[in-house]
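Everything below concerns the one structure shown next.
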Amino acid sequence: MKIYESAENYLEAVLMLRERIGLVRSIDVVNELGYSKPSVSVAMKKLRENGYVEMDHEGYITLTPAGEEIASRIYSRHRLLTQFFIRLGVSPEVAAADACKIEHDLSDETFEKIKAHALKPKASQP
């Protein structure tokens, strides 16, 4: 099943919020992403219908294993790319924004090469 970038963004936001604040509600996603309440409500309904999130009777959102897998993949890409760009000399704000732009579209092959390069130990200076 093809998952769209917008769905990946919602899943990533739920994961990031969960790490930061614990329990996550739709209003937290609204505040995090800056989208309208109706837009987030529609997105959460679609994510529930497709088996990526669950919502309890109090409105708390949890990721299903399928949602967790996608969110973790995107978030790890985001973190690694951000750090990689910072190491290149890009400001943290621009690095994070650029990572967000490409984390979804970068092929697995290219990402793995960037990851291998980024995780190489720095050469010692004489």
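If r is the Cβ-Cβ distance from Gln83 to Ile21 and R0 is 30 Å, what FRET efficiency results, to the nearest 0.05?
Rounded to the nearest 0.05, the efficiency is 0.85.
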Report task. May I ask you to give the percent of accessible area on the chain that is carbon plus sulfur, with a probe radius of 1.4 Å? Result -> 55 percent
Query raised in the report: Can you list the GluC sites (Glu not before Pro) in segment 20-84 that are in a DSSP coil and have 11 or fewer other beta carbons within 10 angstrom?
Result: Glu58
Report summary line: Relative to the chain, whose Cα atoms define the longest principal axis, helix 92-102 and its Cα axis are tilted in degrees, nearest 10, by 70 degrees
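Could you give the accessible area per residue of segment 33-84, probe 1.4 Å, as a whole number in Å²? Please list the in-between numbers first.
On the way: 2960 Å² over 52 residues.
That works out to 57 Å² per residue.
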Query - Test item: Cα-centred dipole of segment 45-96, Lys/Arg +1 and Asp/Glu -1 on Cβ, debye - result: 340 debye
Query raised in the report: Among Val94, Val30, Val14, which one moves the most in a GNM of the chain with springs linking Cα atoms closer than 10 Å?
Result: Val94
Requested in this report: Using only Cα atoms, tell me the angle between helix 5-21 and the longest principal axis of the chain; keep it within 0 to 90° and round to the nearest 10.
Outcome: 90 degrees
**Report entry** Residue among Ile3, Ile102, Leu15 farthest towards the positive dipole end of the chain, charges placed on Cβ
**Finding:** Ile102
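Report the calculated FRET efficiency for Ser91 and Thr64 (r = Cβ-Cβ distance, R0 = 30 Å), to the nearest 0.05.
Working: r = 36 Å, r/R0 = 1.20.
The formula returns an efficiency of 0.25 here.
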Query raised in the report: So how tilted is helix 37-49 from the main axis of the chain? Cα-based, degrees 0 to 90, rounded to 10.
Result: 90 degrees
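When a/c reaches 1.5 or more, the comparison of a/b and b/c decides; with that in mind, is segment 15-59 rounded, prolate or oblate per its Cα gyration tensor? Write down the numbers at each step before the final one.
Working: a/c = 1.67, a/b = 1.13, b/c = 1.47.
Taking the square roots of the gyration eigenvalues as a ≥ b ≥ c, segment 15-59 is oblate.
The values are calculated or read from the model by the stated rules, or taken from the named source; none is laboratory data. Keep in mind the model is a prediction, meaning the values are calculated, not measured. In this analysis, Cβ positions are derived from the backbone assuming ideal geometry, glycine residues included, and neighbour counts consider all displayed protein chains. Just so you know, the surface numbers come from the protein's heavy atoms only, side chains and all, with ligands and any DNA or RNA stripped out. Shrake-Rupley method; radii C 1.70, N 1.55, O 1.52, S 1.80 Å.
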